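Trainee: Here you go, one structure.
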Amino acid sequence: MTSASIGHIKGVSFLSAKRYVEQSGQRRWEEVMAALPADERSVAGEAVVVGWYPVGVYSSLLRAIDRTLGQGNGAALVPLGRFQAEHDLNLFYRLVLRFWSPAILIEKTAEMWGRYHDTGVWDVKREGDHRVTATVSQWLGASDVVCPSTVAYIGRLFELVGAKGVQAHHPECVARGGRRCTWTVDWK
């Protein structure tokens with residue numbers, strides 16, 4: 001696979017994952033790192049906020065986190081995704097979010113996508129006052145671990161703008177054989 005045929009993700013995702021794991025103790029991060037192959041360990045361990053890294057290494061990191069902090073069944077990815085949503089939004093963005101509606105949030109998320117991923121084209125559709133569907137096509141980062149953590153991430157973003165009763169779902173996924181990744185979000 002050439003570097004042009006794989007997706008890349010910003011280093012901030014690695015660093016927020018590390019910060020999440022370190023909440024459980026420094027030794028937990030060491031356990032996660034030990035679970036990675038040496039070449040991926042060096043990338044994950046040396047990532048910088050502004051760097052771009054293969055999303056496959058990020059997927060491996062999430063799998064290692066899920067096995068180390070959980071049971072390897074994806075359950076540990078939900079609190080990780082929620083944490084990353086909070087981590088990614090500095091104080092300035094949190095203040096701005098208070099003035100956005102949930103529907104505007106998902107549109108802005110689509111605009112911000114390129115700051116974190118180098119592949120993928122978003123299409124967002126409002127389906128009433130309390131439902132949106134977001135579709136990402138041409139994304140080379142979909143995986144069995146990135147997508148579930150993204151569901152939790154999106155759900156937490158909606159909560160941060162004041163949405164109540166948020167239900168985020170991922171009915172279509174490239175990693176499950178879909179043509180694209182689709183997320184639906186319903187709220188009260």
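Trainee: At a Cα cut-off below 19 Å, give the lysines reachable from LYS188, other chains included and same-chain residues fewer than 8 away excluded.
Mentor: Output for LYS188: LYS125, LYS164.
Trainee: Moving on to the next point. What list of ³J(HN,Hα) couplings, whole Hz, do you get for segment 124-133 from phi and the Karplus terms 6.51, -1.76, 1.60, once you set θ to phi - 60° and write x for glycine and proline?
Mentor: 10, 10, 7, 10, x, 6, 9, 8, 10, 10
Trainee: Let me ask something else about it. Among residues other than VAL50 whose Cβ falls under 15 Å from its Cβ, what is the net charge (Lys/Arg +1, Asp/Glu -1)?
Mentor: -1
Trainee: Still on this structure: Given contacts defined as C-alpha pairs under 8 Å and at least six residues apart, what's the relative contact order of segment 3-73, whole-number percent?
Mentor: With pairs under 8 Å counted, the relative contact order is 44 percent.
Trainee: List every residue whose amide H lies under 5 Å from the amide H of GLU172, counting only residues 5 or more places away in sequence or on a different chain, with H placed 1.01 Å from N in the peptide plane.
Mentor: THR182
Trainee: A follow-up question, please. So what is the relative contact order for the chain, in percent, with contacts set as C-alpha pairs under 8 Å and at least six apart?
Mentor: Result for the chain is 22 percent.
Trainee: While we're looking at this one, here's another question. Could you work out which residue, out of ALA38, ALA17, ALA75, moves most in a Gaussian network model of the chain, that is, has the largest mean-square fluctuation with Cα springs under 10 Å?
Mentor: Checking each option, the largest mean-square fluctuation is seen for ALA38.
Trainee: Could I ask something else about it? I want the local charge near THR182. Using Cβ-Cβ distances under 14 Å, sum +1 for each Lys or Arg and -1 for each Asp or Glu among the other residues.
Mentor: On the way: positive: LYS125, ARG131, ARG176, ARG179, ARG180; negative: ASP123, GLU127, GLU172, ASP186.
For residues surrounding THR182, the net value is +1.
Trainee: Here's another thing I want to ask about it. Working out 0.36 nm times the residue gap between ALA175 and ASN73, then minus their Cα-Cα distance, what length gain in nm do you get to one decimal?
Mentor: Extending this stretch completely gives an extra 35.2 nm.
Trainee: Assigning unit charges at the beta carbon (Lys, Arg +1; Asp, Glu -1) and nothing else, what dipole magnitude in debye, to the nearest 20, does segment 83-186 show about its Cα centre?
Mentor: Around 100 debye, computed over segment 83-186.
Trainee: Now a separate question. Can you sort PHE83, PHE158 by how many other beta carbons sit within 10 Å, fewest first?
Mentor: Ranking PHE83, PHE158 by Cβ neighbours within 10 Å, fewest first, gives PHE83, PHE158.
Trainee: State to the nearest 20 debye the size of the charge dipole of the chain about its Cα centre, where the only charges are +1 on K and R beta carbons and -1 on D and E beta carbons.
Mentor: Once rounded to the nearest 20, the dipole reads 360 debye.
Trainee: Order by neighbour count: TYR116, TYR53, fewest other Cβ atoms within 10 Å first, most last.
Mentor: Ordered by Cβ neighbours within 10 Å, fewest first: TYR116, TYR53.
Trainee: Cut-off under 16 Å on the C-alpha distance; same-chain residues fewer than 8 positions from LYS10 excluded. Which lysines are left, in chain and number order?
Mentor: The qualifying lysines are LYS18.
Trainee: With unit charges on the beta carbons (Lys and Arg positive, Asp and Glu negative) and the dipole taken about the Cα centre of the chain, which residue among HIS117, VAL48, GLY165 sits farthest to the positive side?
Mentor: After comparing all options, I get GLY165.
Trainee: Still on this model: Add +1 for every Lys or Arg and -1 for every Asp or Glu among the other residues with Cβ under 13 Å from the Cβ of VAL145, and state the total.
Mentor: Result for the neighbourhood of VAL145: +1.
Trainee: Quick one: putting +1 on the C-beta of Lys and Arg, -1 on the C-beta of Asp and Glu, what dipole do you get for segment 101-156 around its Cα centre, in Debye to the nearest 20?
Mentor: 140 debye
Quick note: the coordinates plus some simple rules give every number you see, no bench work behind them. Everything quoted here is computed from the prediction, not taken from an experiment. Reconstructed Cβ throughout: ideal geometry from the backbone, glycine too, with neighbour counts over all protein chains shown.
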